[in-house]
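One structure is given below, encoded as C-alpha cells.
The values are calculated or read from the model by the stated rules, or taken from the named source; none is laboratory data. Remember, predicted model here, so these are calculated numbers, not experimental data. Here the Cβ positions follow ideal geometry from the backbone for every residue, glycine too, while neighbour counts run over all protein chains shown. Calculation scope for accessible area: heavy atoms of the full protein, side chains included, ligands and nucleic acids excluded. Shrake-Rupley method; radii C 1.70, N 1.55, O 1.52, S 1.80 Å.
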Amino acid sequence: MLPTKTKLVRLVFLLFILLNEAEEAHAVWPLPQQISQSADRYLINPQLFSFGYARDSVAQSGCSVLDAAFKRYFSLVFPDFADGAGVAGFSNIWLEPKAFTVSVRVKSGGCDGYPNEESDESYNLSVSAGEAVLKAESVWGALRGLESFSQLVYQDKYDLYFVNKTEIVDFPRFKFRGLLLDTSRHYLPVNIILKTLDAMAYSKFNVFHWHIVDDPSFPYQSYNYPDLSSKGAFHPMTHIYTQSDVRRVIAHARLRGIRVIPEFDTPGHTQSWGKGQPDLLTPCYKGDVPSGTFGPVDPTLSSTYQFMSGLFKEVKSVFPDSYVHLGGDEVDFNCWKSNPNVQAFMTKMGFGGDYTKLESYYIENIVNITTALNKTPIVWQDVFDYRERIPKDTVVEIWKGVPADYQAELGRITLAGYRVLLSAPWYINHISYGQDWRNAYTVQPQNFSGTEQQKELVIGGEVCMWGEYVDATNLTPRLWPRASAAAERLWSNEEKTSSVDQAFPRLENFRCMLIRRGIQAEPLFVGYCKHEYSGL
C-alpha cells in the first residue's frame with residue numbers, strides 16, 4: 001500500500017494535468033462519415049496497452065493481416081516508447097496504472113485473401129474508459145479502424161498518452177481510391193515504394209496503380225520474356241523489379257489493405273519494349289525506305305497478339321488483382337501512316353485513312369485477351385473517345401482537361417454505361433507555388449450533368465505522380481501531404497468536407513503526424529511540428 005501522502009501527491013498531479021493540459025480531441029484524416037467526441041479523456045500507459053480479438057470475432061490470433069497490424073500500430077500509437085522506459089516510466093511514478101485494450105471484432109471474411117473491388121472497408125469505433133471497441137465486417141475495414149484509432153491518441157506536453165471519448169461510424173465514399181507511381185521514367189527503389197504504401201495506408205488509399213513500364217525503360221523482369229528488362233531497363237541488374245521484388249510489394253500492400261494493379265500501356269509508350277522483343281514495334285519509313293526509328297506496337301502482325309497473350313498470362317499469374325490497366329493513350333499515328341505494310345492492312349480491313357480504327361482494332365484484341373483471362377480492363381479515356389468496342393465491364397479513366405472538359409467526359413462515358421475513374425484534377429506531379437493542395441481538395445467527382453445512375457458509375461479516382469522530374473530524392477515530399485487532400489475527397493462525405501479553410505488545421509496536424517511517422521511530408525505553410533522530421 002502506498003502512503004496516504006504519496007497518494008495525495010499523485011492525485012493532485014493527475015488533476016493538474018487534466019485541468020491545465022486539456023486539449024481538443026484529435027481529428028482523423030480523412031474525416032470519418034460520422035464522428036462525435038467529448039472532452040472526457042483517458043490516460044494510456046503503453047505498458048498496460050494491448051490489441052486483441054473479441055471472443056465473437058471471426059478473425060482470431062493467427063490472422064496474418066491483423067496480427068501484423070497490431071504490431072505495426074503499437075509502434076505508431078506509441079512512437080517514442082521503447083523497452084518500458086521514458087514516458088511509461090514517468091507516468092508510473094505519478095499515476096495509478098490502468099489497462100487499456102483495443103478489442104477488434106470482424107464479422108465475416110477470411111484473413112488469407114487479397115483486398116478486391118468488393119472489399120467492405122466499413123467500421124465502427126467506440127472509445128471509452130479502459131477500452132476501444134472496433135467492429136468491422138472484414139479485416140480490411142478493421143485496418144481502416146485501426147488507422148483511425150492510431151490518429152486519436154495524442155501526447156500532452158509531459159509526453160503522456162491520452163485518447164478522448166469517441167464514437168465513429170465510417171465507410172468510404174468511393175470504392176476505388178488510387179495512387180499511380182511511374183517507375184519507368186525514373187526507377188524507384190523497392191524501399192521507396194514500400195514507404196509510399198505505408199503513407200497510402202495512413203490516408204486510407206486502397207489501390208496502388210503501378211505504371212511499371214513506359215517508353216524510357218522496362219524495369220519489370222519477366223520470367224517468360226527476360227530480354228524485355230535485360231535490354232529495355234536502364235540497367236539490367238540494378239534498375240529492375242525482380243519477381244521477388246514484385247511479390248514483396250504485393251505482400252506489403254496486402255497487409256495494408258491495398259490492391260496492386262499493374263499497367264502495361266500499349267500500343268504507344270512502348271519504345272523500351274522493342275529493345276527486347278524483335279518485330280513488336282512498327283518500323284517507321286521515310287519515303288520508301290525504313291528510317292531506322294520505330295513507332296507504336298505493330299497491330300497488323302499475328303505475332304504481336306501471340307506475344308501479348310503470353311505476357312498477360314504471366315501478368316495474371318504474378319499480380320493477383322482481377323484488374324489490369326491496359327493504357328491506350330497518346331498513340332502517335334505518323335509512323336503507322338508511313339509504313340507500307342500498315343497502309344496495305346488498312347486497305348484490306350476497309351479502314352480507309354482513319355487510323356483511330358486501327359487503334360480500335362488493336363485495343364479490342366488486347367481487351368479480348370485480358371477478358372479471356374478473367375481480368376477486368378482499365379483503359380485511359382482515349383480508348384472511349386475513339387469509339388472503340390470494349391466490354392461494358394471495362395473501366396475508363398479520365399485524365400484530360402480542365403473541370404469543364406472532364407465533367408463533360410464524365411457525362412459522356414457514364415451515359416454509355418461504363419464505370420469511370422477520375423484522375424484529371426489530381427496530376428500532382430504538376431506543382432505550383434503556394435497551397436496547391438486546395439485545388440485537389442475542392443474537386444467534386446460527381447459534379448456533372450447526368451442521372452443518379454450515371455453518377456453511381458463513378459467508382460472513384462486516383463492521384464497520379466508521373467516520373468519525368470521525380471525519383472527517390474523528391475517523391476515523398478512531392479506526394480505528401482498533397483495526395484492526402486484527394487484522399488479525403490475520395491473517402492469522406494463531400495458536404496462535411498466542403499470548407500478548405502476548416503480542412504487546413506486538420507491537414508496541418510495530419511502532416512505533422514506523417515512527419516512523426518518518418519514520412520518526409522512537405523509543409524503546407526508557415527509553422528512547425530512539435531516533432532520535426534529527424535531523418536535528415
Worksheet item: In the stretch 345-385, which residues are of a type in the set (Gly, Ala, Ser) and open to solvent by 60 Å² or more (accessible area, probe 1.4 Å)?
Response: Gly353, Ala372
Fill in: Identity of the residue in the stretch 26-56, within 28 Å of the chain's Cα centre (by Cα) and polar (S, T, N, Q), that ends up least open to solvent (accessible area, probe 1.4 Å)
Gln33
Discussion item. Any residue at all in the stretch 161-172 that's assigned to a loop (DSSP other than H, G, I, E, B) and of a type in the set (Ser, Thr, Tyr)?
Written reply: no
Worksheet entry | First in the stretch 44-59 and under 17 Å from Phe162 (Cβ atoms), second anywhere and hydroxyl-bearing (Ser, Thr, Tyr) and open to solvent by less than 20 Å² (accessible area, probe 1.4 Å), Cβ under 7 Å, 6 or more apart | Ile44/Tyr161; Asn45/Ser91; Pro46/Tyr161
Practice prompt. Among the numbered conditions (1) more than 26 Å from Glu409 (Cβ to Cβ); (2) of a type in the set (Gly, Ala, Ser); (3) open to solvent by 20 Å² or more (accessible area, probe 1.4 Å), tell me where Ala503 comes up short.
Written response: (3)
Response to the item:
With criteria (1) over 30 Å from Leu280 (Cα atoms); (2) surrounded by 22 or more Cβ atoms within 10 Å (Cβ to Cβ); (3) touching a Lys or Arg at 6+ places or on another chain (Cβ under 8 Å), Ser203 comes up short on (3)
Practice prompt. Look at the stretch 183-193 and say how many of its residues are touching a Pro at 6+ places or on another chain (Cβ under 8 Å) and either open to solvent by less than 10 Å² (accessible area, probe 1.4 Å) or at pLDDT below 95 (or both).
Written response: 2
Worksheet item: If we keep just the residues of the stretch 197-217 that are polar (S, T, N, Q) and in contact with a helix residue (DSSP H, G or I) (Cβ under 7 Å, 6 or more places away or on another chain), which is nearest to Ser492 (Cα to Cα)?
Response: Ser203
Worksheet item: If you check Glu388 against the conditions, is it at pLDDT below 95, open to solvent by less than 50 Å² (accessible area, probe 1.4 Å) and farther than 13 Å from Val331 by Cα?
Response: yes
Practice prompt. Under 9 Å between Cβ atoms, at least 6 apart or on separate chains: pull out the pairs that start in the stretch 106-121 with a residue that is part of a loop (DSSP other than H, G, I, E, B) and end on any residue that is among the β-branched types (Val, Ile, Thr) and open to solvent by 40 Å² or more (accessible area, probe 1.4 Å).
Written response: Lys107/Val58; Ser108/Val58; Gly109/Val58; Gly110/Val58; Cys111/Val58
Item to complete: Any residue in the stretch 185-196 that's farther than 10 Å from Pro219 by Cα: show its pairings with residues that are open to solvent by 20 Å² or more (accessible area, probe 1.4 Å) and in a helix (DSSP H, G or I) at Cβ separation under 7 Å, as long as the two are six or more apart or on different chains.
Response: Val190/Asp245; Val190/Arg248; Leu194/His252
Practice prompt. Considering only the stretch 251-278, state which residues are hydroxyl-bearing (Ser, Thr, Tyr) and touching a helix residue (DSSP H, G or I) at 6+ places or on another chain (Cβ under 7 Å).
Written response: Thr266, Ser272
Item to complete: Return yes or no: is Ser338 open to solvent by 60 Å² or more (accessible area, probe 1.4 Å) and modelled with pLDDT of 95 or more?
Response: no
Discussion item. So if I check each of Val77, Val104, which one is open to solvent by less than 40 Å² (accessible area, probe 1.4 Å), at pLDDT 90 or above and closer than 29 Å to Ile459 by Cα?
Written reply: Val104
Worksheet, complete the sentence: Going through (1) touching a residue at least 60 places away in the same chain (Cβ under 8 Å); (2) surrounded by fewer than 24 Cβ atoms within 10 Å (Cβ to Cβ); (3) charged (D, E, K, R) one by one, Lys231 fails only at (1)
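For (1) at pLDDT 95 or above; (2) open to solvent by 10 Å² or more (accessible area, probe 1.4 Å); (3) within 27 Å of Arg256 (Cα to Cα), each residue gets a yes or a no:
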{"position": "Lys195", "(1), (2), (3)": "yes, yes, yes"}
{"position": "Val207", "(1), (2), (3)": "yes, no, yes"}
{"position": "Val213", "(1), (2), (3)": "yes, no, yes"}
{"position": "Pro216", "(1), (2), (3)": "yes, yes, no"}
{"position": "Ser222", "(1), (2), (3)": "yes, no, yes"}
{"position": "His235", "(1), (2), (3)": "yes, yes, no"}
Worksheet item: Within the set of pairs 6+ apart or on separate chains, which have a first residue in the stretch 382-405 that is within 9 Å of Tyr418 (Cβ to Cβ), a second that is of a type in the set (D, E, K, R) and modelled with pLDDT under 95, and C-beta atoms under 7 Å apart?
Response: Ile390/Glu364
Item to complete: Considering every residue within the stretch 185-198, establish whether at least one is touching a Gly at 6+ places or on another chain (Cβ under 7 Å) and within 30 Å of Glu147 (Cβ to Cβ).
Response: yes
Worksheet item: Wholly within the stretch 176-270, which strands (runs of 3 or more DSSP E) include no fewer than the required count, namely at least 2 residues that are of a type in the set (Phe, Trp, Tyr) and touching a His at 6+ places or on another chain (Cβ under 6 Å)?
Response: none
Response to the item:
Picked from the stretch 459-497 (must be of a type in the set (Ser, Thr, Tyr) and either buried (at least 16 other Cβ atoms within 10 Å of the Cβ) or within 27 Å of Glu117 (Cα to Cα) (or both)), the residue nearest to the chain's Cα centre (by Cα) is Ser484
Worksheet entry | strands (runs of 3 or more DSSP E) wholly inside the stretch 273-330 containing at least 2 residues that are without any contact (Cβ under 8 Å) to a residue 24 or more places away in the chain and more than 28 Å from Val249 (Cβ to Cβ) | 289-297
Discussion item. So, in the stretch 431-447, exactly how many residues are open to solvent by 50 Å² or more (accessible area, probe 1.4 Å) and under 18 Å from the mean Cα position of the chain (by Cα)?
Written reply: 0
Fill in: Pair list, Cβ under 7 Å, 6 or more apart: the stretch 515-527 residue within 11 Å of Arg478 (Cα to Cα), other residue open to solvent by 30 Å² or more (accessible area, probe 1.4 Å)
Gln520/Pro477; Gln520/Tyr533; Gln520/Gly535; Ala521/Pro477; Ala521/Arg511; Glu522/Pro477
